[in-house]
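Worksheet: the structure to be examined is printed underneath.
The values are calculated or read from the model by the stated rules, or taken from the named source; none is laboratory data. Because the structure is predicted, anything quoted here is derived from the model rather than measured. Here Cβ is always computed from backbone atoms with ideal geometry, including for glycine, and neighbour counts include all displayed protein chains.
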Amino acid sequence: MAKLFPGFTLHAQKLQIVDFDLGLCLKDDGSRRAEAEEAGETFDDGEFEFEEVEKVIPPPITLDTSLPLSKSGPSLIPATLNMSRLQRKKYDKNRKSRSARQKNALKRKNEQGLKDHALRVAQHATPVELKGFSAADLPVASSGWAGNHRQKLPPGLQRVWKNLELLRSAQSLQLLPWDGRACVVLLDKKDRVVAVLGGIPPASAGTGWDENTTKLTEAMEACYRHSTFTKHQTGGRRGQFASRTVGYAYGNGRRMPLNYRVSGEANQAAVQELLENPAVRRVVGFTNSLFNAFAHKIYQEYEATNSELLSHHPHLRSNFPEKTVFAALTVNLGPRSFSPPHMDADNGAAGWCTDTPAGNYDPDIGGHLVLWDLGLVIRFPPGSSILFPSALITHSTLPIQENETRYAFIQYSSGGLFRWRANGFRSDQDVQATASWEEKERYKAERASRWKLALQKFTRWNDLVQGDWQGKRRTEAGLDEVSDLTDSDNEEKSNLTTPRKKVRRQP
């Protein structure tokens with residue numbers, strides 16, 4: 001523990017970090033704008049929006065009909081294209097073996113839930129309480145489905161966000177010197193799990209996961225080398241680096257959920273090779289388990305939404321069938337990937353994204369993840385994974401050195417997908433066009449209460465350490481249908497939670 005958090009003295013199970021006000025932190029504007037402009041710093045003081053993508057279903061692809069398709073739809077390209085007979089034989093063997101493992105994993109999950117060791121890891125994670133912070137205060141859109149773009153970020157922030165020392169001094173952020181291996185849970189003042197520093201799988205202690213990280217880096221480097229990018233794909237509001245997005249989404253003018261488009265056979269082949277890479281798939285499986293363990297009720301909603309959408313819309317393609325509940329994947333291919341402060345407001349509001357970096361960089365100097373609303377600068381080594389609600393929390397990544405490389409593997413689902421499913425696979429406009437007066441009133445009431453009820457789906461730390469990772473006791477008590485904004489104070493006095501001695505940071 002001392003190595004994980006040097007400078008802290010722990011007397012019990014929970015570390016506490018002092019209150020942090022993002023609004024006050026971002027208030028300094030005028031003079032710093034002029035200073036930034038005079039210093040030649042570039043900044044975008046407009047709203048950070050989800051980057052536009054092609055809103056067209058990819059053209060039909062000629063497939064090898066002798067091979068069965070996954071239930072989620074065809075791959076980007078025929079997997080056996082240009083393969084020799086020996087290569088095809090090996091591919092078929094690996095595919096059948098992987099399919100069998102996926103079926104066994106799905107059966108085990110349905111029958112038993114989490115593996116015993118996964119539950120033990122969750123229960124023995126290091127809890128960090130963010131004193132004064134409540135998830136209820138995060139900016140949510142009025143619909144409750146997605147994040148609400150925060151007020152314009154002051155240019156002063158644009159000037160200091162790249163400098164670790166300035167962030168720690170001028171902005172009073174707390175450095176969390178995470179080793180990237182231990183599991184750390186971030187809690188709000190109501191004991192909600194709001195983010196997880198997942199670390200690495202417990203079975204991969206030693207050099208096992210380091211080897212996987214090396215292979216992950218090589219896979220992303222290969223994808224970058226074998227791809228071409230448009231100007232739009234090499235620079236945007238999230239930074240000046242190449243990126244590729246695959247999967248599906250709904251919103252921003254789309255008529256229905258559609259696949260992201262990857263143009264060109266070479267680009268399709270590069271992406272497909274990345275999706276099939278064992279190191280990549282291992283990361284996907286691990287982060288999916290973390291999501292299930294620490295946010296089970298939200299995970300269930302993702303799982304149900306994903307399954308129903310793929311069944312109702314056969315044209316949609318899953319990136320990793322039966323291996324993850326996330327609908328989309330963005331790969332930041334750098335080669336030097338770091339981002340200014342932004343929110344991914346179009347992602348599901350109550351949901352999480354997974355962020356796994358790769359590359360060759362010194363995590364003590366750069367690559368840190370900054371969670372502004374939480375007041376944290378987190379050391380973020382290659383190969384480690386962090387899960388957090390990127391739609392609600394303003395976040396950024398510190399630059400790396402000129403001679404280094406950094407990539408990022410990010411999974412998420414757009415909030416529009418959950419809205420589309422809740423509307424009976426229709427748009428809001430279509431629902432309103434045919435709804436009766438009573439239905440419209442019910443629609444308004446659901447809209448107003450959606451985020452309040454979504455807060456109840458956040459896992460409570462005390463429940464988790466007591467073995468109730470699924471939150472069954474809260475469900476049986478009827479709390480899933482009670483607004484967490486009106487009854488949360490009373491909940492703290494109920495028998496559902498047990499008061500625990502807290503650990504404070506020593507002066």
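The figures follow:
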item: Unmet criterion (only one of (1) buried (at least 24 other Cβ atoms within 10 Å of the Cβ); (2) within 20 Å of R192 (Cβ to Cβ); (3) among the aromatic types (F, W, Y); (4) in contact with an Asp or Glu (Cβ under 8 Å, 6 or more places away or on another chain)) for W372; result: (4)
item: Extreme residue, surrounded by the most Cβ atoms within 10 Å (Cβ to Cβ), among residues of segment 120-140 that are outside any helix (DSSP H, G or I) and among the β-branched types (V, I, T); result: V140
item: Test: R442 is more than 25 Å from P139 (Cβ to Cβ) and either assigned to a helix (DSSP H, G or I) or touching a helix residue (DSSP H, G or I) at 6+ places or on another chain (Cβ under 6 Å) (or both); result: yes
item: Residue match in segment 407-429 (condition: crowded, with 16+ Cβ neighbours inside 10 Å, over 20 Å from the mean Cα position of the chain (by Cα), in a loop (DSSP other than H, G, I, E, B) and in contact (Cβ under 8 Å) with a residue 24 or more places away in the chain); result: yes
item: Residue match in segment 463-476 (condition: at positive phi and in contact with an Asp or Glu (Cβ under 9 Å, 6 or more places away or on another chain)); result: yes
item: Which numbered condition E404 misses (of (1) modelled with pLDDT of 90 or more; (2) crowded, with 22+ Cβ neighbours inside 10 Å); result: (2)
item: Only one of L290, L310 that is assigned to a helix (DSSP H, G or I) and out of contact with any Ser or Thr (no Cβ under 6 Å at 6 or more places or on another chain); result: L290
item: Residues within segment 305-326 that are touching a residue at least 24 places away in the same chain (Cβ under 8 Å) and either in contact with an Asp or Glu (Cβ under 9 Å, 6 or more places away or on another chain) or more than 17 Å from T356 (Cβ to Cβ) (or both), tallied; result: 15
item: Number of the condition not met by L316 [criteria: (1) crowded, with 21+ Cβ neighbours inside 10 Å; (2) in a loop (DSSP other than H, G, I, E, B); (3) under 20 Å from the mean Cα position of the chain (by Cα)]; result: (3)
item: Residue list for segment 406-419, restricted to those being more than 16 Å from R244 (Cβ to Cβ) and of a type outside the set (F, W, Y); result: S413, S414, G415, G416, L417, R419
item: Odd one out for M256, checked against (1) in a loop (DSSP other than H, G, I, E, B); (2) without any contact (Cβ under 8 Å) to a residue 60 or more places away in the chain; (3) not charged (D, E, K, R); result: (2)
item: The lone exception for W451 - which of (1) part of a loop (DSSP other than H, G, I, E, B); (2) touching a strand residue (DSSP E or B) at 6+ places or on another chain (Cβ under 6 Å) it fails; result: (1)
item: Single unsatisfied condition, K297 versus (1) surrounded by 21 or more Cβ atoms within 10 Å (Cβ to Cβ); (2) in contact with a Lys or Arg (Cβ under 6 Å, 6 or more places away or on another chain); (3) not small (G, A, S); result: (1)
item: Number of the condition not met by A349 [criteria: (1) over 20 Å from L274 (Cβ atoms); (2) crowded, with 23+ Cβ neighbours inside 10 Å; (3) more than 17 Å from the chain's Cα centre (by Cα)]; result: (3)
item: Count of segment 178-209 residues which are on the phi > 0 side of the Ramachandran plot and assigned to a loop (DSSP other than H, G, I, E, B); result: 3
item: Count of segment 380-403 residues which are of a type outside the set (V, I, T) and either touching a Gly at 6+ places or on another chain (Cβ under 7 Å) or on the phi > 0 side of the Ramachandran plot (or both); result: 13
item: S339 under 29 Å from R450 (Cβ atoms) and crowded, with 24+ Cβ neighbours inside 10 Å; result: no
item: Positions within segment 196-212 being out of contact with any helix residue (DSSP H, G or I) (no Cβ under 7 Å at 6 or more places or on another chain) and at pLDDT 95 or above, in sequence order; result: L197
item: Unique match (being in a loop (DSSP other than H, G, I, E, B), modelled with pLDDT of 50 or more and not basic (K, R)) among Q456, Q470, Q506; result: Q470
item: C183 out of contact with any Gly (no Cβ under 7 Å at 6 or more places or on another chain) and either touching a residue at least 60 places away in the same chain (Cβ under 8 Å) or not polar (S, T, N, Q) (or both); result: no
item: Residue that is among the hydrophobic types (A, V, I, L, M, F, W, C), over 25 Å from F425 (Cα atoms) and in contact with a His (Cβ under 6 Å, 6 or more places away or on another chain), where the choices are V331, V377; result: V377
item: Tally, over segment 232-253, of residues that are surrounded by fewer than 19 Cβ atoms within 10 Å (Cβ to Cβ), modelled with pLDDT under 75 and assigned to a loop (DSSP other than H, G, I, E, B); result: 5
item: All positions within segment 327-343 that are within 18 Å of P357 (Cβ to Cβ) and part of a loop (DSSP other than H, G, I, E, B); result: P335, S337, F338, S339, P340, P341
item: Residue check, E221 free of Cβ contacts under 8 Å to residues at least 40 places away in the same chain, farther than 25 Å from F388 by Cβ and not in a loop (DSSP other than H, G, I, E, B); result: no
